[in-house]
Amino acid sequence: MYRLYLVPTLLINVVIIFIPAVLTIALAFFRWDGITTPVFIGLQNFQALWSDRVFWTALTNNLIWTGIFLTIPIFMGLLAATLLLIARRGSMFFQVIYFLPMIIATAILARVWQGMIYSPVSGVNGMLQRMGFPTIDPLSQPSTALLGIATVDLWHWWGFLCVIFFAALRQVPQEQIEFARLEGVSFWKILRYVLIPAIWPTITLMMIMTVIWSFLVFDFVYILTQGGPAFSSEVLSTLAYRSAFYDLAVGKAAAVAVVISLFGLVATAFYIRAQAKEFHQ
Amino acid sequence: MKRRTFIAGSLGLLASTALIGPALAEGKRITWWYESADPKQQGYIKSGIIEPFNTANPDFNLTIDYRGTELDKQMRVALLSGNGPDIVYTAGPTYVAPMARAGQLLALDDYVTRFGWTDRILPVFIEMGKYDGKLYALPKTYETLGLFYNKTLFEKHGWKAPTTIAEIETLADAMLAEKIVPFASGNANWRPANEHYVSIVLNSIAGPENVYKALKGELPWTAEPFVKAIDTLNSWWQKGYFGPNYFSLSDEQAFAQMATGQAGMMPTGTWQFQRVNTYFPPNNAEVGFVGFPSAEGINGPVYPLGVGSTFSVAATSKNADGAAAAIDYIFSEKTYGVMNSAWPGEWNTPLADLSKVQVDNGLPLYGETMKTLAEAVGDNQYGYTTWTFLPPATDSYLVSGIEEVWLGRSTTAQFLEQLNATFLQEKADGKVPAIPAR
């Protein structure tokens with residue numbers, strides 16, 4: 001009887017996730033403009049992706065994005081959370097400050113950075129240029145566009161990690177930290193041998209989620225550059241969006257979505273494995 | 001408690017009767033989804049179209065719903081599910097053929113005769129809205145590309161509006177020497193702005209006859225005239241005619257730069273007329289507009305024809321007569337005058353005869369330009385904008401592909417080759433919009 005409790009959530013999952021997912025996978029094998037009747041074409045959409053250099057650029061950009069977000073914000077978040085743990089005074093204030101960007105809509109954040117920071121007309125960048133500094137708008141150069149977008153997302157994201165890590169660190173038994181301090185262990189060694197091992201499951205979870213989210217990144221890229229200039233900041237999700245809604249190639253977009261899901265699936269498998277391991281321990 | 005409930009219930013019943021009463025008295029509802037419009041613009045639509053239509057047609061009740069910039073995506077999904085509004089507002093002629101093929105649109109041929117559209121609307125536009133011999137769409141507004149310039153700045157430097165490609169290049173070089181950006185431009189808010197420049201060179205350098213042949217599949221996009229056009233555009237980019245901040249500026253910021261004299265000219269569309277009164281008078285400057293200069297051997301200036309959005313009636317509409325009547329009202333001389341007076345550049349419906357239309361928007365230049373364009377279209381002497389006549393994936397590639405040429409990531413030959421391959425694929429799939437005969 002208790003299994004009946006599963007029905008509502010199961011129903012929601014079937015309607016909102018399972019059916020659209022199955023339809024998307026099926027569409028990847030069809031040619032469809034989103035308007036007329038779909039035509040079955042087998043693996044042609046995947047073959048087209050294989051020989052599409054923009055697809056490879058997008059995939060590479062997603063990998064670079066994942067690399068950036070697996071390192072920089074996690075390092076910054078850990079460092080700041082540890083400092084908050086040690087210097088307890090004002091920690092609430094800093095938590096609020098760090099978390100603030102997370103509660104602002106991404107579209108607004110992106111427009112603020114575009115108009116008030118990067119813009120050579122209305123932004124800080126323009127002010128610096130008028131003062132004689134040879135600065136550039138990173139979004140306007142193929143070599144820096146992706147980094148320019150990543151900077152905005154990093155600014156928005158790392159504070160969230162900091163708050164999560166801080167919450168985990170507060171669960172570490174105080175005696176362990178106090179004991180290490182009494183023994184004269186340095187800050188870095190406490191971090192290395194006490195704190196990080198204690199919150200390792202949280203770090204692992206956030207890293208796995210980072211991989212999944214990195215392959216889903218869309219909003220900042222679409223608002224700031226729409227994948228440009230010259231495809232230099234294209235990611236898989238913007239490629240899928242452009243294919244579906246501008247090229248009217250919904251089948252190809254579905255194929256890209258399947259590729260995105262494959263990466264998410266691998267990360268999810270790791271997550272489930274890690275969870276199972278933790279559960280057994 | 002019971003008495004209170006009774007009183008509350010009675011009041012509620014009275015209120016609902018008061019609300020439902022007028023609703024029942026109103027005519028049959030016509031739904032129309034529109035893209036984004038600011039409150040001022042929504043006011044123009046309300047006072048210029050909705051209210052006068054409903055007053056003149058008490059049997060109908062035209063309602064409008066502002067859906068934002070993603071309207072075309074919402075519309076496609078709604079029509080797929082058999083819903084959506086009575087008046088279908090598409091993102092351009094490219095979308096009409098697949099929608100008509102899918103049976104989502106109603107053939108308008110009966111209304112053509114009922115409302116006399118053949119006499120009132122320029123024939124080219126009737127042809128553009130056809131699929132399989134039947135009319136499915138009419139363009140809401142049509143536009144062209146040309147060259148805006150800061151007349152005051154030109155007078156100060158003794159410059160004249162260019163009439164040939166050689167003249168515009170000499171002028172642009174002179175501007176660069178004066179540290180003035182020759183072409184006010186930017187695509188930060190709208191990446192497809194790139195195709196405005198591609199459309200300009202395809203028509204003014206390769207020529208509209210060659211573009212027509214390519215659209216009909218009689219000439220490949222890799223042919224020599226197109227190579228010359230893209231090479232010229234690339235040389236302008238490399239020389240810095242588009243300024244240092246193309247990818248950072250919005251078109252509005254670029255327009256403002258031209259008004260202040262930081263930039264000299266702006267190759268762009270007639271929709272920019274709506275910004276003239278905002279930026280030129282405060283800078284004590286006067287605006288100029290000419291057709292874009294043409295290359296030797298091209299009879300110019302060429303006015304490339306652009307249609308940004310179209311009107312159709314949904315096949316599932318329960319009030320098709322009402323929807324067609326509303327479209328007919330929008331295509332009246334009265335609406336043309338009212339809407340173009342309030343909101344120039346956005347409601348240039350393709351009326352064949354503008355001689356009796358009263359437009360008062362303080363922009364005589366706009367009126368003259370639109371008359372010139374109407375005449376050019378009437379004489380079949382027009383060019384082709386890429387967003388109107390190219391199929392979707394070809395157009396989408398063109399937007400990003402030209403950036404690759406500009407930024408040295410591909411060559412003109414590679415760009416045109418991929419453009420041609422994408423076009424041929426879409427032509428084979430029947431995605432090229434109707435191309436009226438010249």
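The values are calculated or read from the model by the stated rules, or taken from the named source; none is laboratory data. Model, not experiment: these values are computed from the prediction. Please note: Cβ atoms are built from the backbone with ideal geometry, for glycine as well, and neighbour counts cover all protein chains shown.
Kindly state which helices (runs of 4 or more DSSP H) lie completely within the range A:171-263 and contain at least 3 residues that are more than 14 Å from chain B (Cβ to nearest Cβ) and surrounded by 18 or more Cβ atoms within 10 Å (Cβ to Cβ).
Numbers: elements: A:174-182, A:187-190, A:200-216, A:219-224, A:236-245.
Correct list: A:200-216.
What's the total number of residues in the range A:95-129 that are in contact with a Leu (Cβ under 6 Å, 6 or more places away or on another chain) and aromatic (Phe, Trp, Tyr)?
Result for the range A:95-129: 1.
List every residue pair whose Cβ atoms lie under 8 Å apart, where the two residues are 6 or more positions apart in sequence or sit on different chains, the first residue falls within the range A:213-227 and is closer than 17 Å to A:Met102 by Cβ, and the second residue, located anywhere, is among the acidic types (Asp, Glu).
Note: pairs meeting the criteria are A:Val217/A:Asp153; A:Phe220/A:Asp153.
Taking into account only those residues within the range A:158-170 that are in a helix (DSSP H, G or I) and more than 17 Å from A:Phe220 (Cβ to Cβ), which is farthest from the other protein chains (Cβ to nearest Cβ)? Show your work before the answer.
Of the range A:158-170, the ones in a helix (DSSP H, G or I) are A:158-169.
Then drop every residue that is not more than 17 Å from A:Phe220 (Cβ to Cβ), which leaves A:162-169.
Values: A:Cys162: 31, A:Val163: 33, A:Ile164: 33, A:Phe165: 36, A:Phe166: 37, A:Ala167: 37, A:Ala168: 39, A:Leu169: 41 Å.
Looking at residues that are in a helix (DSSP H, G or I) and more than 17 Å from A:Phe220 (Cβ to Cβ), I get A:Leu169.
Take A:Gly34 and decide whether it is outside any helix (DSSP H, G or I), touching a residue at least 12 places away in the same chain (Cβ under 8 Å) and more than 14 Å from every other protein chain (Cβ to nearest Cβ).
On the way: outside any helix (DSSP H, G or I): yes; touching a residue at least 12 places away in the same chain (Cβ under 8 Å): yes; more than 14 Å from every other protein chain (Cβ to nearest Cβ): no.
The answer is no for A:Gly34.
Yes or no: the range A:15-25 includes at least one residue that is closer than 16 Å to A:Leu239 by Cα, outside any loop (DSSP other than H, G, I, E, B) and at pLDDT 95 or above. First the steps, then the outcome.
Narrowing the range A:15-25 to residues closer than 16 Å to A:Leu239 by Cα: A:24.
After this cut, where a residue has to be outside any loop (DSSP other than H, G, I, E, B) as well, the list is A:24.
With at pLDDT 95 or above added as a condition, the list becomes A:24.
Yes, the range A:15-25 contains at least one residue that is closer than 16 Å to A:Leu239 by Cα, outside any loop (DSSP other than H, G, I, E, B) and at pLDDT 95 or above.
Scan the range B:282-296 residue by residue and report those that are buried (at least 22 other Cβ atoms within 10 Å of the Cβ) and β-branched (Val, Ile, Thr).
Result: B:Val287, single match.
In the range B:69-77, is there at least one residue being among the acidic types (Asp, Glu), within 14 Å of another protein chain (Cβ to nearest Cβ) and within 30 Å of B:Phe183 (Cα to Cα)?
The initial filter retains those residues of the range B:69-77 that are among the acidic types (Asp, Glu), namely B:70, B:72.
After this cut, where a residue has to be within 14 Å of another protein chain (Cβ to nearest Cβ) as well, the list is B:70, B:72.
Subset that is within 30 Å of B:Phe183 (Cα to Cα): B:70.
Within the range B:69-77, one or more residues are among the acidic types (Asp, Glu), within 14 Å of another protein chain (Cβ to nearest Cβ) and within 30 Å of B:Phe183 (Cα to Cα).
With the structure loaded, tell me whether A:Thr82 is assigned to a helix (DSSP H, G or I) and at pLDDT below 95 or whether it fails that test.
Values: assigned to a helix (DSSP H, G or I): yes; at pLDDT below 95: yes.
The answer is yes for A:Thr82.
Could you please find all residues in the range B:322-332 being of a type outside the set (S, T, N, Q) and farther than 11 Å from B:Gly27 by Cβ?
Here is the first cut: in the range B:322-332, the ones of a type outside the set (S, T, N, Q) are B:322-331.
B:Ala323, B:Ala324, B:Ala326, B:Ile327, B:Asp328, B:Tyr329, B:Ile330, B:Phe331 - these are the residues of the range B:322-332 that are of a type outside the set (S, T, N, Q) and farther than 11 Å from B:Gly27 by Cβ.
Read through the list (1) surrounded by fewer than 24 Cβ atoms within 10 Å (Cβ to Cβ); (2) touching a residue at least 24 places away in the same chain (Cβ under 8 Å); (3) within 24 Å of the chain's Cα centre (by Cα), then give the number of the only condition that B:Trp236 fails.
Of everything listed in (1) surrounded by fewer than 24 Cβ atoms within 10 Å (Cβ to Cβ); (2) touching a residue at least 24 places away in the same chain (Cβ under 8 Å); (3) within 24 Å of the chain's Cα centre (by Cα), B:Trp236 misses just condition (3).
Residues of the range B:310-319 being out of contact with any Pro (no Cβ under 6 Å at 6 or more places or on another chain) and buried (at least 20 other Cβ atoms within 10 Å of the Cβ), which ones? First the steps, then the outcome.
Within the range B:310-319, the first condition is being out of contact with any Pro (no Cβ under 6 Å at 6 or more places or on another chain), and the residues that meet it are B:311-319.
B:Phe311, B:Ser312, B:Val313, B:Ala314, B:Ser317, B:Asn319 - these are the residues of the range B:310-319 that are out of contact with any Pro (no Cβ under 6 Å at 6 or more places or on another chain) and buried (at least 20 other Cβ atoms within 10 Å of the Cβ).
Does at least one position in the range A:39-49 carry a residue that is under 30 Å from A:Ala230 (Cβ atoms), out of contact with any Gly (no Cβ under 7 Å at 6 or more places or on another chain), assigned to a helix (DSSP H, G or I) and not hydrophobic (A, V, I, L, M, F, W, C)?
Within the range A:39-49, one or more residues are under 30 Å from A:Ala230 (Cβ atoms), out of contact with any Gly (no Cβ under 7 Å at 6 or more places or on another chain), assigned to a helix (DSSP H, G or I) and not hydrophobic (A, V, I, L, M, F, W, C).
Per-residue answers, yes or no, for (1) within 28 Å of B:Leu80 (Cα to Cα); (2) crowded, with 17+ Cβ neighbours inside 10 Å; (3) within 14 Å of chain B (Cβ to nearest Cβ); (4) in contact (Cβ under 8 Å) with a residue 40 or more places away in the chain:
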{"site": "A:Ile41", "(1), (2), (3), (4)": "yes, no, yes, yes"}
{"site": "A:Trp56", "(1), (2), (3), (4)": "no, no, yes, no"}
{"site": "A:Ile74", "(1), (2), (3), (4)": "no, yes, no, yes"}
{"site": "A:Leu85", "(1), (2), (3), (4)": "no, yes, no, yes"}
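Among the residues of the range B:382-390, is any of a type outside the set (Lys, Arg), touching a strand residue (DSSP E or B) at 6+ places or on another chain (Cβ under 7 Å) and either surrounded by fewer than 18 Cβ atoms within 10 Å (Cβ to Cβ) or part of a helix (DSSP H, G or I) (or both)? Full working, then the answer.
Pass one, the range B:382-390, residues of a type outside the set (Lys, Arg): B:382-390.
Add one more test, that the residue is touching a strand residue (DSSP E or B) at 6+ places or on another chain (Cβ under 7 Å), and what stays is B:382-385, B:387-388.
Applying the additional criterion that residues be either surrounded by fewer than 18 Cβ atoms within 10 Å (Cβ to Cβ) or part of a helix (DSSP H, G or I) (or both) yields B:387-388.
Within the range B:382-390, one or more residues are of a type outside the set (Lys, Arg), touching a strand residue (DSSP E or B) at 6+ places or on another chain (Cβ under 7 Å) and either surrounded by fewer than 18 Cβ atoms within 10 Å (Cβ to Cβ) or part of a helix (DSSP H, G or I) (or both).
Yes or no: B:Thr422 within 12 Å of chain A (Cβ to nearest Cβ), free of Cβ contacts under 8 Å to residues at least 40 places away in the same chain, part of a helix (DSSP H, G or I) and closer than 19 Å to B:Leu145 by Cβ?
Values: within 12 Å of chain A (Cβ to nearest Cβ): yes; free of Cβ contacts under 8 Å to residues at least 40 places away in the same chain: yes; part of a helix (DSSP H, G or I): yes; closer than 19 Å to B:Leu145 by Cβ: no.
No, not satisfied.
Please determine, by comparing only the residues of the range B:172-192 that are modelled with pLDDT of 95 or more and of a type in the set (A, V, I, L, M), which one is nearest to the chain's Cα centre (by Cα).
Going through the qualifying residues, I end up with B:Ala184.
Tell me the residue from B:Ala78, B:Ala56 that is within 26 Å of B:Leu105 (Cβ to Cβ) and without any contact (Cβ under 8 Å) to a residue 60 or more places away in the chain, please.
The match here is B:Ala78.
Of all residues in the range B:318-335, how many are without any contact (Cβ under 8 Å) to a residue 60 or more places away in the chain and either under 28 Å from B:Gln104 (Cα atoms) or not in a helix (DSSP H, G or I) (or both)?
Qualifying residue count for the region: 2.
With the condition kept exactly as written, say whether any residue in the range B:70-85 is more than 22 Å from A:Phe245 (Cα to Cα) and at pLDDT 95 or above. Can you show your working first?
Pass one, the range B:70-85, residues more than 22 Å from A:Phe245 (Cα to Cα): none.
Within the range B:70-85, none of the residues are more than 22 Å from A:Phe245 (Cα to Cα) and at pLDDT 95 or above.
Pick from A:Ile104, A:Ile74, A:Ile97: which is under 30 Å from B:Asn189 (Cβ atoms) and under 23 Å from the mean Cα position of the chain (by Cα)? Give the steps one after another, and end with the answer.
Working: A:Ile74 fails: under 30 Å from B:Asn189 (Cβ atoms); A:Ile97 fails: under 30 Å from B:Asn189 (Cβ atoms).
Only one candidate qualifies: A:Ile104.
Please pick out the residue among B:Ser204, B:Ser235 that is farther than 17 Å from B:Glu404 by Cα and away from chain A (no Cβ under 14 Å). So that I can check it myself, show each step before the final result.
On the way: B:Ser235 fails: farther than 17 Å from B:Glu404 by Cα.
Just one listed residue meets the conditions, B:Ser204.
Starting from the range A:232-254, take each residue that is without any contact (Cβ under 8 Å) to a residue 60 or more places away in the chain and list its partners that are part of a loop (DSSP other than H, G, I, E, B), counting only C-beta distances under 6 angstrom and pairs at least six apart or across chains.
What qualifies is A:Ser237/A:Phe218; A:Ser243/A:Ala249.
Pairs needed: first member in the range B:399-414, more than 8 Å from every other protein chain (Cβ to nearest Cβ); second member anywhere, modelled with pLDDT under 95; C-beta distance under 7 Å; at least 6 residues apart or different chains.
Filtered contacts from the range B:399-414: B:Val399/B:Arg191; B:Val399/B:Pro192.
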